[in-house]
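A short worksheet on the structure shown next.
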Amino acid sequence: MTQGKDELDSLVRSRIRALRVAQGWSLEELASRARVSQSTLSRIENGQRRLALDQLVILARALDTSLDQLVETATEDVVTSPTIDGAHGRMRWPVRWDPGMSVVRQRMTDPPPDNPARMRAHPGREWLVVLSGTAVLMLGDRRIRMEANQAAEFPTMLPHAIGAEGGPCELLGIFDRDARRSHQRGDDA
């Protein structure tokens with residue numbers, strides 16, 4: 001076996017045990033759910049039995065995960081640096097990219113635009129929470145002041161913009177697929 005395969009085997013075995021323990025299940029309980037013997041499961045977790053694809057599929061189902069998640073390796077750097085948008089007073093840290101959504105943390109210093117023509121509308125939904133400071137969400141003809149720990153969810157077909165009030169604010173935003181695409185194409189809102 002190669003070093004890479006040994007590392008993957010060890011990682012998968014650790015994940016199986018960690019997921020079982022996180023569920024609060026004994027070896028006996030997971031073995032019953034997966035319809036394998038308790039001794040087989042114990043040998044899989046301890047590296048005394050070869051990992052077989054058919055058993056991994058069964059164990060993944062029993063652990064309520066996918067085979068992909070059970071065997072995935074970290075291929076990306078886990079540390080991210082912010083991208084700085086000085087023109088709009090924002091720093092963005094991508095937290096997680098997923099085919100269906102994105103989560104972005106951003107720091108804002110500029111107030112929202114006072115001109116309704118600068119507000120954007122696009123397909124999708126957004127959810128945001130204010131982490132620190134005070135944010136102002138312009139949503140249609142409404143001006144919504146949001147303090148730390150307050151959240152908002154809204155359809156993005158309503159014209160909207162967001163900015164800081166009285167100093168910098170930090171936000172965590174979640175964008176569905178359509179909203180994410182619009183934000184990747186545009187440079188504001």
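The values are calculated or read from the model by the stated rules, or taken from the named source; none is laboratory data. Since we're looking at a predicted model, the values are computed, not measured. Cβ atoms come from the backbone with ideal geometry, glycine included; neighbour counts cover every protein chain shown.
Structure notes:
- Residues in the stretch 25-40 that are outside any loop (DSSP other than H, G, I, E, B) and free of Cβ contacts under 8 Å to residues at least 24 places away in the same chain: Leu27, Glu28, Glu29, Ala31, Ser32, Gln38, Ser39, Thr40.
- The residues of the stretch 61-95 that are at pLDDT 60 or above and part of a strand (DSSP E or B), listed by number, are Thr83, Ile84, Asp85, Arg90, Met91, Arg92, Trp93.
- If you go through the stretch 42-54 and keep only what is closer than 18 Å to Gln23 by Cβ and without any contact (Cβ under 8 Å) to a residue 24 or more places away in the chain, you end up with just Ser42.
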